[in-house]
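What follows is a short report on a single structure.
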Amino acid sequence: MMGAIQGPPKKHPHAASRVYEGEAFIVLPQYHEYKILNAVGTRIWDLIDGVNTAGDIARIVAEEYDVTYEEALKDVSSFLADLEANGMLASAKPS
Amino acid sequence: MAEERPVESNAYADLVARSWNKALPMTALWEITYACNHKCAFCYNCPERGRREMTKEQIISGLSKIADLGCVFLVMTGGEPLTRPDFFDIAWAGKRLGFALRVYTNGYLVDEIVARKFKELMPFEIEISFHGSRPETMDKLTGVPGSYGRVLQGIRNLRKYDLKVNMKVPITNWNQSEIRDIKALADSLGCHATFDPVITPRDDGDTSPLALQADRDFLAKLWSPEYADLTHEEVPLPRNDTHVEANCGTGRSTIALDPYGNIYPCVQWRRSAGNINDVADLRSLWKESPVLNEVRRIAMEIPKTTLKTCESGEFCSFCPGVAEVQTGDPRNIYPQVRMTSEIRKQRHSEFLEIQSRTPA
């Protein structure tokens, strides 16, 4: 799934989210669904701002979680692909 | 109510349970106006004559404080929220602040244009009050001739855009015989339907709406297998307090506001904790308000006191706000909850008895 996201990822405009005790709770009205992310997922979600690229996010994750950039990029890319597949990014399937 | 009692264990139920146990605010319910184009016989709202409701700018400023507090759901209700000409301006401001929107409306004003605006807005859910399968029943309960046809068309307009509509049916003794037909109508429209047998007093303590409550015989039928497809309960079960310590989420997972900006622990419990216009830091109020801390304490006591001393307490769906407005004390069992819990307990016992006689 690496390389699936082109350009800086952006949250889906319908996605509503807040962080409770370190976990992002995300509501997807277009699918009538909720998602809850773990701590690392929440940090990545927080870094998705339409400006940071997957590489930028991986660099921050590598630094904060003490992993190599290559490992971080692999995980971040895979996670972004999951978010996209679940309709949580702006480039997601049309609602 | 905004959140169901969390009784199962999954990530969402666990989060709701934590929000109750640790006072993590998830839902803000705002009555943005008391103006209404229906005159429902059981309405609990009590507008203050001549008092000015909040402007759009004041509400949007308040929403920003609520977003900062951490609520993710914003329930826009009334009155009838769509009677405000600036409804969609407020809703979009809420959306931009990161809220998932729920709109409680009577659907009367949802024409094609309004439905299209809702499609663009994409609320998480639209709840429409619905009161009968026959026009004469619904029109009698709303006090507005023609309301049945207008509301039904409003629902069809929303469903055309595949918006999620929940038809919310307060059960009264005027419509109790029609609820199965209402469910069939909801199914045919592709809507969810929820049936609520709880009628509450008016916010000023006037108990006249209680005369409309469904009668005891009907409620006994409602909590039998005959209506299990509507209640989603084969048999009434006792309360499950495994995951939560408090009686309910009042002042813990929810906060409520009226059209004047008064802040309450929930829509039923009208003890004002302040006014959103005067509050600079809602987070501090949430933590330090004596009113909110008091209702949290009482809600924590109720399962250990009120419900323990009530014979059918384990079957009580108890509301301290209703108890306070009706009896003067939020810890007192009130007649409706006594009746419904007795029926539910009896039904549960009957079920156990039948089960014990059935060979394995």
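Numerical summary
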| read-out | value |
| --- | --- |
| B:Leu237 vs. criteria assigned to a helix (DSSP H, G or I) and at negative phi | no |
| Subset of the range A:66-94 (residues that are among the hydroxyl-bearing types (Ser, Thr, Tyr) and modelled with pLDDT under 95) | A:Ser91 |
| Top-ranked residue in the range B:54-76 [being over 22 Å from the mean Cα position of the chain (by Cα) and not polar (S, T, N, Q); ranked as farthest from A:Ile26 (Cα to Cα)] | B:Met54 |
| Some residue of the range A:37-47 being touching a residue at least 24 places away in the same chain (Cβ under 8 Å), farther than 19 Å from A:Glu71 by Cβ and more than 14 Å from the chain's Cα centre (by Cα) | no |
| In the range B:249-272, the residues that are in a loop (DSSP other than H, G, I, E, B) and within 22 Å of B:Thr327 (Cβ to Cβ) | B:Gly249, B:Thr250, B:Gly251, B:Pro265, B:Cys266, B:Val267, B:Gln268, B:Trp269, B:Arg270, B:Arg271, B:Ser272 |
| Count of the range B:59-90 residues which are over 22 Å from B:Ser19 (Cα atoms) and either within 14 Å of chain A (Cβ to nearest Cβ) or surrounded by fewer than 18 Cβ atoms within 10 Å (Cβ to Cβ) (or both) | 5 |
| Subset tally (residues that are without any contact (Cβ under 8 Å) to a residue 60 or more places away in the chain, crowded, with 20+ Cβ neighbours inside 10 Å, closer than 18 Å to B:Pro265 by Cβ and small (Gly, Ala, Ser)) for the range B:285-343 | 3 |
| Strands (runs of 3 or more DSSP E) enclosed by the range A:1-60 - at least 2 residues per element that are open to solvent by 40 Å² or more (accessible area, probe 1.4 Å) and within 12 Å of chain B (Cβ to nearest Cβ) | A:33-36 |
| Among residues of the range B:22-50, those that are of a type in the set (A, V, I, L, M, F, W, C) and within 14 Å of another protein chain (Cβ to nearest Cβ), counted | 4 |
| Residues being farther than 30 Å from B:Gln176 by Cβ and away from every other protein chain (no Cβ under 14 Å) - total across the range B:98-146 | 7 |
| Flag if B:Arg347 is at pLDDT below 95, more than 20 Å from B:Glu245 (Cβ to Cβ) and surrounded by 12 or more Cβ atoms within 10 Å (Cβ to Cβ) | yes |
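The values are calculated or read from the model by the stated rules, or taken from the named source; none is laboratory data. On a predicted model such as this, the values are computed, not experimentally measured, just so you know. We place every Cβ from the backbone using ideal geometry, glycine too, and count neighbours over all the protein chains shown. What goes into the accessible areas is simple: the full protein's heavy atoms, side chains included, and nothing from ligands, DNA or RNA. Shrake-Rupley method; radii C 1.70, N 1.55, O 1.52, S 1.80 Å.
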